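All remarks here apply to the structure that follows.
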Amino acid sequence: MGCDCAPQPTHQPTHPAQVSKLSDVLTPVKPRYATDEEILRFHTPRYLERVKAISAAAEGGQVGHELHISHGGFDIASLSLGGVLAAVEAVMSGTVSNAYALVRPPGHHAEADGAFDRRQWCLF
């Protein structure tokens, strides 16, 4: 049996950037997937292969002490890193004068050989 007691939304929620008019002054930069070669500029081949293998597992798994990724997590992390790289490329090409990449998962705690035995929450 269903319940009709829950209130039904009367309008579509609006993104905060639209409400604040922030989106009027920002230039969107389309993210892309980072290539393996780009990932390997910092990370070891062993780490890259481990993240790919865990991501390919139906249930995902632990990458590090406190870092779990779901199935397909590699693709999301690659898109996050690619978004940062696309923002840098846009600045370097002069398309924009500066950039801020609001991406998840973040990468500022990432280490070259990963999160295996450390308290770490960043993939790339």
Problem - Complete set of residues in the range 83-111 that are part of a helix (DSSP H, G or I) and in contact with a helix residue (DSSP H, G or I) (Cβ under 8 Å, 6 or more places away or on another chain) - result: L85
Handout entry: Criterion: within 14 Å of E38 (Cβ to Cβ) and in contact (Cβ under 8 Å) with a residue 12 or more places away in the chain - qualifying residue of G60, G73, G107, G64
Key = G107
Exercise for the section: Determine which single condition H11 fails, assuming it passes every other condition in (1) in contact with a Ser or Thr (Cβ under 8 Å, 6 or more places away or on another chain); (2) over 16 Å from A110 (Cα atoms); (3) modelled with pLDDT under 95. Expected result: (1)
Exercise for the section: Kindly indicate whether S93 is among the hydroxyl-bearing types (S, T, Y) and within 17 Å of the chain's Cα centre (by Cα). Expected result: no
Completion exercise
The residue that is surrounded by the fewest Cβ atoms within 10 Å (Cβ to Cβ), considering only those in the range 91-104 that are modelled with pLDDT of 95 or more and within 20 Å of E37 (Cβ to Cβ), is S93
Exercise for the section: Return the pairs, sorted by first residue and then second, in which the second residue is at pLDDT 85 or above and of a type outside the set (V, I, T), the first residue lies in the range 11-33 and is part of a helix (DSSP H, G or I), the beta carbons are less than 8 Å apart, and the residues are 6+ apart or on different chains. Expected result: A17/L26
Fill in the blank from the handout: Within the range 39-77, residues hydroxyl-bearing (S, T, Y), part of a loop (DSSP other than H, G, I, E, B) and within 19 Å of V103 (Cβ to Cβ) come out as S70
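The values are calculated or read from the model by the stated rules, or taken from the named source; none is laboratory data. Worth saying up front: this structure is predicted, and the values here are computed from it rather than measured. Reconstructed Cβ throughout: ideal geometry from the backbone, glycine too, with neighbour counts over all protein chains shown.
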